[in-house]
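*Asks:* Have a look at this one before I ask anything.
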Amino acid sequence: MSKSIIHLLAGGPGSDQSHVIGLLREALAASRLVAPRIAYLGAASGDDAGFFRWLSVLLRKAGAGEVRLAQTCTRNTAIKVLPQADAIFVSGGDVEAGMRVLGTACVIPLLRKQFEAGVPFIGLSAGSIMLGNKWIAWDDSANDATARPFDCLGLAPLVCDTHAEDDDWSELHAVLRHLDAGTRGYGITAPAMLRVHPDGRLETLGGEVVCFEATKAKHVVRR
């Protein structure tokens, strides 16, 4: 069961900025936060300064107060910034690289502690995937036999993918085929946000979220 409310935004290239701001405003309002201090976790993008500046502007337009970079890649300020945050924002980029950086920076236990304490989390794109249970990588992109699922943060009790509707959710299907029968995965389309309530209830905002389920035969069906 979730300890804090989580919002999973798809985002993606070409996302309408005003729409994203509206979803972020919804996320902050649902968390009952007024001008909250946001810790921005940019591990998946190598703490990219341009992404940080852009998303800081969107977060402030949505009602956030101070937005601080919880830097993990070149100088570990995350351990100082994260405990002071009213909410934690996990940005996009590369899921596998992001999880590797978080592990190397030794901040995963701290993130889980903040989650247990009720601090709200907001993910965007790869950040949304990282907040879930599992993702998948290939040692050789041309060889499906080299596919391997790996653990994510596991704060949201689900598997999800973001803005991959044009690819028919192929990576989400791939990870589901490696998981137990009955496991469900959620495809969050580019305009959408998935709200995960503390009791585990799911709520869709802003666009469509599609649900898939793994079968005993290692197939994936839409629910």
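Nothing in this text is a laboratory measurement; each read-out follows from the coordinates by a stated rule. Keep in mind that this is a model prediction, so the values were computed, not measured. A quick note on method: Cβ atoms are made from the backbone with ideal geometry, for glycine too, and the neighbour counts reach across all protein chains shown.
*Asks:* If you build a Gaussian network model of the chain, linking Cα atoms that sit under 10 Å apart, which residue out of Gly65, Gly93, Gly185 swings the most?
*Replies:* Of Gly65, Gly93, Gly185, the Gaussian network model singles out Gly65 as fluctuating most.
*Asks:* Here's something else I'd like to know. For a bin width of 5 Å, list the pair-distance distribution of segment 32-125 built from all Cα-Cα distances, rounded to whole %.
*Replies:* Reading the bins upward from 0: 3, 15, 28, 28, 19, 7, 1.
*Asks:* Also, quick follow-up: Arrange the following residues from fewest to most other Cβ atoms within 10 Å of their Cβ: Ser31, Ser15, Ser128, Ser141. Don't skip to the answer; put the middle values down first.
*Replies:* Working: Ser31 20, Ser15 17, Ser128 31, Ser141 9.
Fewest-to-most ranking of Ser31, Ser15, Ser128, Ser141: Ser141, Ser15, Ser31, Ser128.
*Asks:* Could I ask something else about it? D for segment 136-216, whole µm²/s, Stokes-Einstein with Kirkwood Rh over alpha-carbon pairs at 10 °C and 1.306 mPa s: what number?
*Replies:* Values: Rh = 13.5 Å.
The estimated diffusion coefficient comes to 117 µm²/s.
*Asks:* Additional query: Test of the criteria: in segment 60-98, which trypsin sites (Lys or Arg not before Pro) are in a DSSP loop and have at most 12 other Cβ atoms within 10 angstrom of their Cβ?
*Replies:* Values: sites: Arg60, Lys61, Arg68, Arg75, Lys80; in loops: Arg75.
In loop regions of segment 60-98 (DSSP not H, G, I, E or B), the sparsely surrounded trypsin sites (Lys or Arg not before Pro) are Arg75.
*Asks:* For the chain, place one equal point scatterer on every Cα, skip the solvent, and apply the Debye formula. What is log10 of I(q)/I(0) at q = 0.10, 0.17 Å⁻¹?
*Replies:* For the chain at q = 0.10, 0.17 Å⁻¹, log10 I(q)/I(0) is -0.40, -1.20.
*Asks:* For the Cα atoms of the chain, what angle does the longest principal axis make with the long axis of helix 49-61, in degrees from 0 to 90, nearest 10?
*Replies:* The helix 49-61 is inclined about 70 degrees to the chain.
*Asks:* Which of the trypsin sites (Lys or Arg not before Pro) found in segment 1-57 are in a DSSP loop and have at most 11 neighbouring Cβ atoms, other than their own, within 10 Å? Numbers along the way, then the final one.
*Replies:* Values: sites: Lys3, Arg25, Arg32, Arg37, Arg53; in loops: Lys3, Arg32, Arg37.
In loop regions of segment 1-57 (DSSP not H, G, I, E or B), the sparsely surrounded trypsin sites (Lys or Arg not before Pro) are Arg32.
*Asks:* Apply the Karplus curve 6.51 cos²θ - 1.76 cosθ + 1.60, θ = phi - 60°, to the phi angles in segment 78-89 and return the couplings in whole Hz, x for Gly and Pro.
*Replies:* Working through the residues one at a time gives 4, 5, 7, 7, 4, x, 8, 8, 7, 8, 10, 10 Hz.
*Asks:* Right, next: Please turn the phi angles of segment 210-216 into ³J(HN,Hα) values with the Karplus equation 6.51 cos²θ - 1.76 cosθ + 1.60 (θ = phi - 60°), one per residue in order, whole Hz, x for glycine and proline.
*Replies:* Each residue's phi maps through the Karplus curve to give 9, 10, 10, 9, 7, 10, 4 Hz.
*Asks:* Using 0.36 nm per residue of separation minus the Cα-Cα distance, give me the extension gain between His178 and Gln84 in nm, one decimal.
*Replies:* Result: 30.1 nm gained on full extension.
*Asks:* Separate question: Might you report the magnitude of the Cβ-based charge dipole of segment 130-223 about its Cα centre, with Lys and Arg at +1 and Asp and Glu at -1, to the nearest 20 debye?
*Replies:* Details: 10 positive and 15 negative charges, 92 e Å.
Computed about the Cα centre, the dipole is about 440 debye.
*Asks:* For the chain, what does -39500 (n - 2.57) per DSSP helix run (n ≥ 4), summed and divided by total residues, give at 222 nm, in deg cm²/dmol to the nearest 500?
*Replies:* On the way: 7 runs with 64 residues, N = 223.
It comes out at -8000 deg cm²/dmol, rounded to the nearest 500.
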